[in-house]
1. Output the residues belonging to the stretch 33-65 that are of a type in the set (G, A, S) and more than 17 Å from the chain's Cα centre (by Cα).
2. Scan the helices (runs of 4 or more DSSP H) fully inside the stretch 1-96 and keep the ones with 3 or more residues being touching a residue at least 40 places away in the same chain (Cβ under 8 Å).
3. Sort out which residues of the stretch 271-285 are closer than 16 Å to I211 by Cα, within 18 Å of the chain's Cα centre (by Cα) and of a type in the set (D, E, K, R), and write them in order of number.
4. Exactly one of (1) in a helix (DSSP H, G or I); (2) under 25 Å from Q100 (Cα atoms) is unmet by L230. Its number?
5. Given the conditions (1) open to solvent by 30 Å² or more (accessible area, probe 1.4 Å); (2) at pLDDT 95 or above, and given that K60 satisfies all but one, which numbered condition is not satisfied?
6. When you scan the stretch 9-50, how many residues do you find that are surrounded by 15 or more Cβ atoms within 10 Å (Cβ to Cβ) and within 21 Å of G81 (Cβ to Cβ)?
7. Going by what's in this entry, would E245 be described as free of Cβ contacts under 8 Å to residues at least 40 places away in the same chain, surrounded by 23 or more Cβ atoms within 10 Å (Cβ to Cβ) and under 16 Å from the mean Cα position of the chain (by Cα)?
8. How about the stretch 255-305: which of its residues are in contact (Cβ under 8 Å) with a residue 24 or more places away in the chain, among the small types (G, A, S) and either in a loop (DSSP other than H, G, I, E, B) or over 30 Å from Q100 (Cα atoms) (or both)?
Amino acid sequence: TTAATRLAARGTLGKVLLARGSWDLADAHFAEDALAASAAGETTAELRARLNRAIALLSKGRLDESRALLTRVLEDGTRLGEERARAYALSNLGLVAYRQHDYGAALQYWEQTVRFPQALRGPLATALTIGNLADLRLRLGLVDHAEHAISFGRKLLSGSAPARCSALFKWVSAQIALARRNTELARREIESALVDAQASGERDYLESAHIVAARVALEDGDLERTSQALAHAESVAKSPRACAEIAVIRAACLRAMGSPALEAANHALELVRSCGEEDLLSEIHTLLAMLHRDAGDLASARMHC
């Protein structure tokens, strides 16, 4: 009969909508909850509803609106001393900034988030944030910092990491090893990550792990294993980034085989441009420059450089 209990129950129902991917229904649901909580004077419930609505907006791709709403939740949570609201707002602000390619802001948000381990309800949520932070540091070339984050995350979980978290840590660790040209360690880490990703049922982790497995095999010069890993990646890939990255690696594999690769590389360039991932854009332009150079077309090679 209390507003707090009704709002808590509605919050759970809203999370079911998020889990089902019913973004529009979740958006409307949490907007209604925020108004009801405000009218009832339930401050914590109102912050929770606004936070969850921002997650729905993020999931719909309305990144600017989500970021604005999360910023207000962060400000109000700070003013009211609501640490959970602050922690989750920072965590999701990092995700929005990451998707907007605002990597400096994402780094700051996630580094602030890990200062609130208790507010994130225990080590698992904190460890997932640390894994995301390590991935971002690695993408920015901060290899040592990424390794330190993974080491800290593993100590936090003390060997009891759920499959989802373990897959994330091993996926990042494999890329750290690959960045250091230690393909033996990279292969061990990514093979273990694939097992954990399969156990977790997280499709995103599975597609990412297969892609890194292909990169490790290509670095090893094992083109048959590269092709197998790419086939596995294609069977589960859904995200635009994954499809673009697979196309880039396939073109590089064709070149390594001595097969014609220019058409495949140009197709990969189209996919990368459509998904807007700057690190992949640099990689495919580099590959195209080498392909044009191989063909003796130095003008085109210079253009891609």
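1. Matches in the stretch 33-65: A34, A36, A37, S38, A39, A40, G41, A45, A49, A54.
2. Qualifying helices (runs of 4 or more DSSP H): 3-20, 43-59.
3. E277, D279 - these are the residues of the stretch 271-285 that are closer than 16 Å to I211 by Cα, within 18 Å of the chain's Cα centre (by Cα) and of a type in the set (D, E, K, R).
4. It is condition (2) that L230 fails.
5. The single condition K60 does not satisfy is (2).
6. 13
7. Judged against the criteria, E245 is a match.
8. Result: A256, A261, G276, A295.
The values are calculated or read from the model by the stated rules, or taken from the named source; none is laboratory data. These numbers were taken from a predicted model, which means no experiment stands behind them. Neighbour counts run over all protein chains shown; Cβ positions are idealised from the backbone, glycine included. Accessible surface areas use protein heavy atoms only, side chains included; no ligands, DNA or RNA. Shrake-Rupley method; radii C 1.70, N 1.55, O 1.52, S 1.80 Å.
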